[in-house]
Amino acid sequence: MLRDITIGQYYPADSVIHRLDPRTKLMAAMLYILSLFVFQGWAGFAAVTLALVLMIALSKVPFGYMVRGLKAIAVILIITILFNLFLTPGETIVEFWKLRITWEGLKNAGFMAVRLTYLILGSSILTLTTTPNQLTDGMEKALKPFNKLHVPVHEISMMMSIALRFIPILIEETDKIMKAQLARGADFESGNLIKKAKSMVPLLVPLFISAFRRANDLAMAMEARCYHGGDGRTKMKPLRYKKADIAAYLLSAGYFAGVIALKVLL
Amino acid sequence: MSIILDKVNYVYSEKTAYEIHALKNINLKIEDGEFIGVIGHTGSGKSTLIQHLNGLMHATSGGIYYNGQDIYDEDYDRKKLRGRVGLVFQYPEHQLFETTIFADVSFGPKNQGLSKKEAELKAFTALRSVGLPEDYWYRSPFELSGGQKRRVAIAGVLAMEPEVLILDEPTAGLDPRGRDEILDQVAKLHEERNMTIILVSHSMEDVAKYVERLIVMNQGSIMLDGTPGEVFAHYQELEAVGLAAPQITYLMHDLRKRGIQVPGIATTLEEAKEAILQAFKK
Ligand SMILES: Nc1ncnc2c1ncn2[C@@H]1O[C@H](COP(=O)(O)OP(=O)(O)O)[C@@H](O)[C@H]1O
Ligand SMILES: [Mg+2]
């Protein structure tokens, strides 16, 4: 049940994008998101669409799998579209009661929907092709310069990777405890709000206990292995740029420059 | 009265990259009053199988019949089924949540809609039958030792007075003494109340001593099904899938190889002792 949440999940496959350095992918994703807010007009639209289609094709992640992540933002998407549709002043197409749809509204709503959808799809390519560990590794290395400013970069990224690592474990644990209580006749669904809230107690108490127990065990295990923070720590799989990364950097920079050029020139 | 599984299949995360075919075409008939051991390597599908028996998991395909009724029928009361087929999960002590042991054990019967008095009566009987001393009953369950916690959790399921009791690796993580205590309690339930019991384990030694029938799971299928003697006779096949017959089976085989006339199969120490003494008397 709970395991079917797909947003931000890694999809194992062997593709060019999967093999890129996480720093490259972070950078490219950032540039892509920026370009979504920069582009204008049909030519720009064609450019961002082309880039997205290309990335999806290269990533070898089934499109259907990717689209599932969109469900999470469906509500936001619809609200944005409605606001843009009805509240943009301009040349009226249809009018009923107090609502008015204008050409400008239609165009705004369309572009807004495209922006949001592409935003989610674009960033989900990043999370679908990069394991959480790689992602935090990449962030740690990319943000290393901030260490000089006494920002605890290593500690923050360690906390992030532990938190990410624990999400599936806690989901699994919730699933297990839920089943165990169901086997004892618990009922999580029926009844009014108060009854439902009360029925969560047999789930939440064991869940908290288990989370604390796991945190304790982990801290103990880390200390037993002499973990002492980031100073002088080396990596088992150090990040190194390869040729493909250079190509990817050049491509994304070129793409971004192209989108800006389209906006300025047209 | 029986549980019947008809061509049951179960697939985890169907149609994703993580798809796992955990149960493959399982056909099984479990009669009233049987004492069954389910063994298999980790990941062979034991836990998945038993969660189907009380309707917690819904088979991807195939049917399950409890006492002749299809449990997937729309008007079948599956919540009631969970009370009749009691399932004790692995590490059941992780599900304890109440402030006192007694309250925790009454949780099940209360959910069955019994009055406070009736529920407490059942909790009382259940705690008695797992042999937890009475002066513990009103303490917090979190103060207990691992083995004691597990007994409280088992009592929590027993309190619902199930007709079938399923235990998923009830001895995992216990010391040999805790293990024997729990298994002896379970065997006693079988003898005294003629309860149907299904004991899941990955250790042959554990179950061989107690059960009347052994089901061996391998990669989602039933590989062997029979009395412990019949199953252990296939000890070479068992080894091939990473399971081992009890030590005593090997001893009997070695003895035979050296020309001592003992029967090839023995599953418990007592049986072997008798057989060896017999052979030497001749
Ligand atoms: N909740 C789950 N989601 C996905 N796969 C699972 C889940 N639970 C078990 N599996 C997989 O199903 C198979 C059978 O698991 P399980 O029934 O737990 O085996 P056993 O109890 O014999 O160790 C294993 O390959 C396991 O990885
Ligand atoms: Mg298991």
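The values are calculated or read from the model by the stated rules, or taken from the named source; none is laboratory data. Computed from a predicted model, the values in this text were never measured in an experiment. Every residue, glycine as well, gets a Cβ built from its backbone with ideal geometry; the counts of neighbours run over all protein chains shown. Accessible surface is based on the protein model in full, side chains and every heavy atom, while ligands, DNA and RNA are left aside. Shrake-Rupley method; radii C 1.70, N 1.55, O 1.52, S 1.80 Å.
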Exercise for review: With respect to residue B:114, determine if the residue is in a loop (DSSP other than H, G, I, E, B), within 8 Å of chain A (Cβ to nearest Cβ) and without any contact (Cβ under 8 Å) to a residue 60 or more places away in the chain.
Suggested key: no
Review point. Restricting attention to the stretch A:245-261, does a residue exist that is touching an Asp or Glu at 6+ places or on another chain (Cβ under 9 Å) and of a type outside the set (Lys, Arg)?
Key: yes
**Study point:** Verdict on residue B:24 being at pLDDT below 95 and either of a type in the set (Lys, Arg) or in the same structural domain as residue B:162 (by TED's automatic domain parsing) (or both)
**Key:** no
Exercise for review: Please list, ordered by first then second residue, the pairs with beta carbon atoms under 6 Å, 6 or more apart or interchain, first in the stretch A:137-156 and under 21 Å from residue A:236 (Cα atoms), second of a type in the set (Phe, Trp, Tyr) and surrounded by fewer than 17 Cβ atoms within 10 Å (Cβ to Cβ).
Suggested key: A:153/A:146
Review point. For residues in the stretch B:144-169 being surrounded by 23 or more Cβ atoms within 10 Å (Cβ to Cβ) and within 16 Å of ligand 1 (Cβ to nearest atom), which is farthest from residue B:203 (Cα to Cα)?
Key: B:166
Review point. Within the bounds of the stretch B:72-87, is there any residue that is open to solvent by less than 10 Å² (accessible area, probe 1.4 Å) and within 16 Å of ligand 1 (Cβ to nearest atom)?
Key: yes
Check your understanding: Quick check: is even one residue across the stretch A:9-24 of a type in the set (Lys, Arg) and within 14 Å of chain B (Cβ to nearest Cβ)?
Key -> no
Point to revise | Residue ID - nearest to ligand 1 (Cβ to nearest atom), chosen from residues in the stretch B:13-27 that are open to solvent by 70 Å² or more (accessible area, probe 1.4 Å) and within 13 Å of chain A (Cβ to nearest Cβ) | key: B:20
Exercise for review: Select from the stretch B:11-42 the residues that are without any contact (Cβ under 8 Å) to a residue 60 or more places away in the chain and within 16 Å of ligand 2 (Cβ to nearest atom) and list them in ascending order.
Suggested key: B:12, B:20
Check your understanding: Which is basic (Lys, Arg) and in contact with a Leu (Cβ under 6 Å, 6 or more places away or on another chain), of A:242, A:179, A:195, A:235?
Key -> A:179
Study note, to complete from the structure: Subset of the stretch A:56-76, residues under 16 Å from the mean Cα position of the chain (by Cα) and open to solvent by less than 60 Å² (accessible area, probe 1.4 Å), comes to A:56, A:59, A:61, A:65, A:66, A:67, A:69, A:70, A:73, A:74
Check your understanding: Is there any pair linking a residue in the stretch B:91-107 that is under 19 Å from residue A:212 (Cβ atoms) and facing another protein chain (nearest Cβ under 7 Å) to one that is open to solvent by 40 Å² or more (accessible area, probe 1.4 Å) and of a type in the set (A, V, I, L, M), with Cβ under 8 Å and at least six apart or on different chains, and which?
Key -> B:94/A:209; B:97/A:201; B:97/A:205
Revision key, fill the gap. Only one of B:69, B:90 is over 30 Å from residue B:137 (Cα atoms) and open to solvent by 40 Å² or more (accessible area, probe 1.4 Å), namely B:69
Review point. In the stretch A:21-32, which residue that is of a type in the set (A, V, I, L, M) and either free of Cβ contacts under 8 Å to residues at least 24 places away in the same chain or in contact with a helix residue (DSSP H, G or I) (Cβ under 6 Å, 6 or more places away or on another chain) (or both) is farthest from residue A:107 (Cα to Cα)?
Key: A:26
